Structure formats: C-alpha cells, structure tokens
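The block underneath contains the structure these notes are about, expressed in structure tokens.
The values are calculated or read from the model by the stated rules, or taken from the named source; none is laboratory data. Please read all numbers here as calculations on a predicted model, not as lab measurements. When we count neighbours, we look across all protein chains shown, and the Cβ atoms used for this are built from the backbone with ideal geometry, even at glycine.
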Protein chains: 2
Amino acid sequence: MGKTKGKDRARTGDRHGSVPADGPGRLGGFREALRVGDGFALDEVDAGATPNYDGGKRDGKQDLARAEEELSELLERLYAESTGGSKRAILLVVQGMDTSGKGGVMRHVVAVNPEGVEATAFKAPTQEERAHDFLWRIRNALPAAGQLGVFDRSHYEDVLIVRVHDLVPEEEWSTRYDTINRFEREVVDAGTTIVKVMLHLSNAEQKARLMERLDRPDKYYKYNPGDVDERKHWDEYMDAYQAALARCSTDTAPWYVVPADHKWYARLAVQQLLLETLREMDPTWPPADFDVAAEKARLAAT
Amino acid sequence: MGKTKGKDRARTGDRHGSVPADGPGRLGGFREALRVGDGFALDEVDAGATPNYDGGKRDGKQDLARAEEELSELLERLYAESTGGSKRAILLVVQGMDTSGKGGVMRHVVAVNPEGVEATAFKAPTQEERAHDFLWRIRNALPAAGQLGVFDRSHYEDVLIVRVHDLVPEEEWSTRYDTINRFEREVVDAGTTIVKVMLHLSNAEQKARLMERLDRPDKYYKYNPGDVDERKHWDEYMDAYQAALARCSTDTAPWYVVPADHKWYARLAVQQLLLETLREMDPTWPPADFDVAAEKARLAAT
C-alpha cells in the first residue's frame, strides 16, 4: 500500500487542512500509523489526535460515507469466496473504556449487512459462561467462514476488568496473556484474520460524555452509576491496557490504538483499518461450479 | 397517520412524476396500500408497479437514504425502552422467490446496527432442526426485547416449498396455517410486533435476473442449477403463496405484498412498512433509574 498525501500531511501537524475540491482519493496507511509496536507506551498517545489524516470532521464523515460501498463489496467477496470452499473470515475486536464509542463503531462502521456480520457484545459472564474456561464463550462467537465477526468487548476483559478488580487471583490472570496469544494464533491459522482496536479516550473526554448522558433524557438509558465508580480506577485500567497491548500485539494479531476523543476520526480509522486488511486479503469471486453455457440454455428454455 | 401527497398522486397513476425541489416530505400509507385483505388475489398484483409512490428510481433511492436516520433512531428508542423493562420487539419476515431481492433488503434496509438487529437466514433444515417441530428453530431465532429480528425466509417455507414438493403429507402441511396463526398470536401477545413481507417478482423478471447471474462472474456464486428446476414449479409456488397470504394475513400479523420487479421500490416499501410500524409503536426513552442531580455531583467530583 503506497503512502498517501494525507499521511504525509498529517506528519506536518496540519491535520485540519481542507481536502482538495476533487476529493481526497483513496486513503491508506492507517495500519502502519496506529499499530502497537516495540516500545509502545499508551500514556504517550494523544487521544485527541487524528493520526494519518489531515481532514477535519466534515471531511472525515464524507470519507467514511465514500468508503462504505467498497467495504460492503469486499465483504460480499469474502462471503462469496466462502461459498467456493474458502475458510477465510475476518474478526474485528473493539475494546475501550465506557463512552469511548464502541456502539458508534457498530452503528456507523460495520452496519453493512446483518447476514454477513456476526456481532457479539460481551457483558459480565453468565453463570453458564462462568462454568467454562474464559475463552469458551469467545470461541462460540467466532465468525463462520466468509463472515465479519465483531466483538464489542472480548476476551481482553479477562485481563482488564478482571485484573483491575482482582476478579481472579493474579497467578491466574497473569497467565492469560500467553493463553490469549496462543488462542489467537490458532484462530488465525484456521483462516480468520484478526483486527484488534482499542478506542483510546482521554479521562477528560469521558467525563464530558458521561455528563452529557446525565444532561439528556434520551441518553439516560446509557448511564450507569457504576460508570463513575469505575472512573476512580482509571489509572489501573490504563496500566492493564498497556500490559494487554504490549504483550498481545503480535505479528499474528496486532493491536491498533485509535485516538477516540473525536468520534468521527475513530469511526473513520476503524473503517480504514478494516478496509486495508480486507484489500490485503483480496477475496476472490469463486469460479462457476456448473456449466455456464448449459445453464443459459436450460434457463432460456423456461 | 395522515395521507400524503405521494399517496394521492400514486392514485392518479402518475407514478413517475418528479418530486418537488424541496424534497418529498415524509411518506406514509404503505401499510394500507400493500396489506393483504379480504378477497386478495396474488395473480392480480402487478409485480412491476410502485403502489403508493409517485417518484422514480432516483427519488426512491433518495427517499430510502433520507429515512435511514429515522429508522435508526426508532430502533435505538426501542432498544432503550427495553432497558427500562419493556418486552417489546419487532420482527420482519421476508419471503419471496429466488432473486426477488431478499438479500438487498438485508444490505440496504436493515443494515442499521448489528447489535440491534438479529438476522436469521433459514435454509433447508439441519438434521437437528428436523428432529423438532417445524416452529422450533423459528422460536429459537425470535428477537429479544428491544431488538429488530429479521427472517430471510421463515416458517412459511413449511407451507411453501414443503407444499410444492410434498416434503410432508398434505394432511400435515394443511394444518400448519392454523398452527402458524396461533404461533404468531402468541408471539405478538408476548410483545413482538410482526411485519410480514412478500417480495412479489414476475416470472419474466426472475428469468432476467437469473440470466444476469450467468452473465457475470461476480454473480456466479449466487446461481444454483436448482433455481431453473424450481422455475418449472412457478404456478404451484404462486398457489402456495396465495394460500399462505390469504390464510395467514390476520389483524394480529398482517401480510404485505411488495411488488419487487423494481428493486429500488421494494427496498423503499419495506423500509416504509417498518417505519410506519415503529412510529405507531412509538417506543419511549426510559426514565432515569438513578438520581440525576446526585450523579452529576458525583461525576463532577471525579
């Protein structure tokens, strides 16, 4: 994937520059820009930045809308490929603190085709789920061949909230990083490409978003008094995220950290991460498994 | 719901008239126009018509796009309502012959929010499903409170393909109409509003769409030689649809027949049927179940 003008511009810091009148062209380079690599430090990431993108909110919304058709077509090709026997699938894992915009990603990025998308929101485990290994419910929700699976929270909660609140002893959660890496290796080997995204919100922006929920009756339903209690553990959550990101960003299943104080940017970045991954997968239409000429003749006769 | 200008115009037959420059305003009246009532005869329905709509393809696509936000908001309200204890949900049942556009409804109408939409495609029953009553797999796929369930094919296959091909004896399938009506009554009583749509395609248009699949390598994967064999049973399918529509269009769960030779019209009509139903349901944001002022103070202190 070539570097884009947008990427180079972003490096100049001129991130609110306007796009050319003839449109911004195809974007690219979000994976390189957002990937968690060696020496990564979450506390150095500016949640208010818009890396690899030089447009503003209006541009970002336009670019998001413009790319929807390509995303939809790539997912249709992925599905089509599976009807020819391919086992490939794609899994988007979305993590982030409360109000970081996970629901917005669902509504604005992956709302493509309900038959081609298998979304699962992982809440506190049920009694049945608790009776199994922590990966049991995750395995059950993995996408079938040809599908886009989307996890709203995931097995990473088992090294995030579980670690912050000591829901299991340290000697148990501390082994899970390696367990997760082995699990993801297995999933990838079976044909599913994994894209892991952390929506990185600032503490101040979370406060503003929670306050908005308390100001608007149409947002009350999203508010939970427990959210304020959780804010008191902010630093511990950041430490837990740092550990998960650093220990589980592998070549097999890399983590991407998406600054999320600007909702429009976070949605665009997640969409572009998916698009870049799908372009690289390059799913192909399967060949006909029937005699095309003979079928045309049969059909013509009806 | 008031009658719209669009509806009145449609009655003049001027259905390809242009919309005013200031936009068409809110549509309405699709339920009345498309509902299966007393004396209904499927063979009198013109699959190429665009009832209750006087715009053309371009207008239809614009109107579809324009209403997406309202549909999304009504579904969010329905979900929010459920968090306050409401058991209400909505179920869209989509039936139609091969190539009638069921997939297009999935991609272009109900692709709203994968976490709020539970879509199920019913294929030939599996061995496990066959070991149960024909409604077993249907019950398992009913939407949870607050959700939009979408059935791509449904329990009606058990009085359609099953009847056409004598997959069970007549004395068995002939009792299913009443069984289905009782089942749907039960579902509605439990809080789920049912919208049943038949996408009504002409025999000639199906032939053209199948031929297109044979002409385009990116459509091969949708083609199945069995589709041509099924065309030979067209009249029997129409008889089976007539019986299902006439016997199972009840006040509890009415059937709507949507002319589907124009894809853009079928998508718009299904969207409007959903919208009109959701507007009537009028889901409400639940009240706060916490002390708003106290929470504001707690949050401000963080």
Fill in the blank from the handout: With criteria (1) over 29 Å from A:Gly29 (Cβ atoms); (2) part of a helix (DSSP H, G or I), A:Asp218 comes up short on (2)
Practice task
Output yes when any residue across the stretch B:124-146 is under 24 Å from A:Gly103 (Cα atoms), buried (at least 19 other Cβ atoms within 10 Å of the Cβ) and either away from chain A (no Cβ under 11 Å) or over 21 Å from the mean Cα position of the chain (by Cα) (or both), and no when none is.
Solution key: yes
Practice task
Within the stretch B:131-148, identify whether any single residue is touching a Lys or Arg at 6+ places or on another chain (Cβ under 8 Å), acidic (Asp, Glu) and farther than 22 Å from B:Trp255 by Cβ, and answer yes or no.
Solution key: no
Exercise for the section: Please work out which one of (1) modelled with pLDDT of 95 or more; (2) loosely packed, with under 15 Cβ neighbours inside 10 Å; (3) assigned to a helix (DSSP H, G or I) is the condition B:Asp8 fails and give its number. Expected result: (1)
Exercise for the section: Among the numbered conditions (1) under 18 Å from A:Asp152 (Cβ atoms); (2) within 14 Å of chain B (Cβ to nearest Cβ); (3) in contact with a Gly (Cβ under 9 Å, 6 or more places away or on another chain); (4) in contact (Cβ under 8 Å) with a residue 40 or more places away in the chain, tell me where A:Thr284 comes up short. Expected result: (1)
Handout entry: Checking A:Glu212 against (1) within 26 Å of A:Ala141 (Cα to Cα); (2) in a helix (DSSP H, G or I), the condition it does not meet
Key = (1)
Practice task
Starting from the stretch A:60-78, take each residue that is over 16 Å from A:Arg88 (Cβ atoms) and list its partners that are charged (D, E, K, R), counting only C-beta distances under 6 angstrom and pairs at least six apart or across chains.
Solution key: A:Leu64/A:Arg267
Practice task
All but one of (1) out of contact with any Lys or Arg (no Cβ under 8 Å at 6 or more places or on another chain); (2) more than 30 Å from B:Gln272 (Cα to Cα); (3) loosely packed, with under 15 Cβ neighbours inside 10 Å; (4) not aromatic (Phe, Trp, Tyr) hold for B:Asn224, so report the exception by its number.
Solution key: (3)
Completion exercise
Scanning the stretch A:119-141 residue by residue, those out of contact with any helix residue (DSSP H, G or I) (no Cβ under 9 Å at 6 or more places or on another chain) and either within 19 Å of A:Arg77 (Cα to Cα) or among the small types (Gly, Ala, Ser) (or both) turn out to be A:Ala131, A:Ala141
Handout entry: Any chance A:Arg279 is part of a helix (DSSP H, G or I), buried (at least 21 other Cβ atoms within 10 Å of the Cβ) and more than 10 Å from every other protein chain (Cβ to nearest Cβ)
Key = no
Exercise for the section: For the stretch B:66-94, name all the residues that are within 10 Å of chain A (Cβ to nearest Cβ) and either in contact with a Cys (Cβ under 8 Å, 6 or more places away or on another chain) or more than 21 Å from B:Ala190 (Cβ to Cβ) (or both). Expected result: B:Glu68, B:Ser72, B:Glu73, B:Glu76
Exercise for the section: Within the stretch A:112-130, track down each residue that is more than 16 Å from A:Asp158 (Cα to Cα), outside any strand (DSSP E or B) and either aromatic (Phe, Trp, Tyr) or touching a residue at least 12 places away in the same chain (Cβ under 8 Å) (or both). Expected result: A:Val112, A:Asn113, A:Gly116
Exercise for the section: Give just the number: which of (1) closer than 19 Å to B:Ala111 by Cβ; (2) touching a helix residue (DSSP H, G or I) at 6+ places or on another chain (Cβ under 8 Å) does A:Glu69 not satisfy? Expected result: (2)
Practice task
Might you check whether a residue that is in contact with a strand residue (DSSP E or B) (Cβ under 7 Å, 6 or more places away or on another chain), within 14 Å of another protein chain (Cβ to nearest Cβ) and assigned to a helix (DSSP H, G or I) occurs anywhere in the stretch B:228-237?
Solution key: no
Exercise for the section: Would you tally the residues in the stretch A:208-236 being closer than 24 Å to A:Leu268 by Cα and over 23 Å from the mean Cα position of the chain (by Cα)? Expected result: 4
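Scan the stretch A:239-261 and tell me whether some residue there is in a helix (DSSP H, G or I) and without any contact (Cβ under 8 Å) to a residue 12 or more places away in the chain.
There is at least one residue in the stretch A:239-261 that is in a helix (DSSP H, G or I) and without any contact (Cβ under 8 Å) to a residue 12 or more places away in the chain.
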Practice task
Only residues that are buried (at least 17 other Cβ atoms within 10 Å of the Cβ) and in a helix (DSSP H, G or I): list them for the stretch A:34-74, please.
Solution key: A:Leu34, A:Leu42, A:Asp59, A:Gly60, A:Asp63, A:Leu64, A:Ala67, A:Leu71, A:Leu74
Practice task
Can you tell me which residue among B:Ala49, B:Ala80 is of a type in the set (A, V, I, L, M) and under 19 Å from B:Tyr256 (Cβ atoms)?
Solution key: B:Ala49
Fill in the blank from the handout: Of the residues in the stretch A:192-213, those that are at the interface with another protein chain (Cβ under 9 Å from one of its Cβ atoms) and surrounded by fewer than 20 Cβ atoms within 10 Å (Cβ to Cβ) come to A:Asn203, A:Lys207, A:Met211
Practice task
Considering each of B:Arg216, B:Arg209 in turn, give the residue that is within 27 Å of A:Lys296 (Cα to Cα) and in contact (Cβ under 8 Å) with a residue 60 or more places away in the chain.
Solution key: B:Arg209
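Here is a yes/no grid of residues against (1) within 30 Å of A:Lys207 (Cβ to Cβ); (2) of a type in the set (Val, Ile, Thr); (3) assigned to a loop (DSSP other than H, G, I, E, B):
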site	(1), (2), (3)
A:Glu81	no, no, no
A:Ile90	no, yes, no
A:Val110	yes, yes, yes
A:His132	no, no, yes
A:Gly146	no, no, yes
A:Val150	yes, yes, no
A:Leu167	yes, no, yes
A:Thr179	no, yes, no
Handout entry: Given (1) within 23 Å of the chain's Cα centre (by Cα); (2) farther than 24 Å from A:Leu148 by Cα; (3) surrounded by 13 or more Cβ atoms within 10 Å (Cβ to Cβ), number of the condition A:Asp178 does not satisfy
Key = (3)
Handout entry: Selection count where residues are surrounded by 20 or more Cβ atoms within 10 Å (Cβ to Cβ) and more than 23 Å from B:Arg77 (Cα to Cα), scope the stretch A:83-110
Key = 9
Practice task
Determine whether A:Glu157 is closer than 28 Å to B:Val112 by Cβ, among the charged types (D, E, K, R) and within 14 Å of chain B (Cβ to nearest Cβ).
Solution key: no
Exercise for the section: Could you please find all residues in the stretch A:95-118 being within 11 Å of chain B (Cβ to nearest Cβ), over 16 Å from B:Glu69 (Cα atoms) and either touching a helix residue (DSSP H, G or I) at 6+ places or on another chain (Cβ under 6 Å) or aliphatic (A, V, I, L, M) (or both)? Expected result: A:Asn113, A:Pro114, A:Glu115, A:Gly116, A:Val117
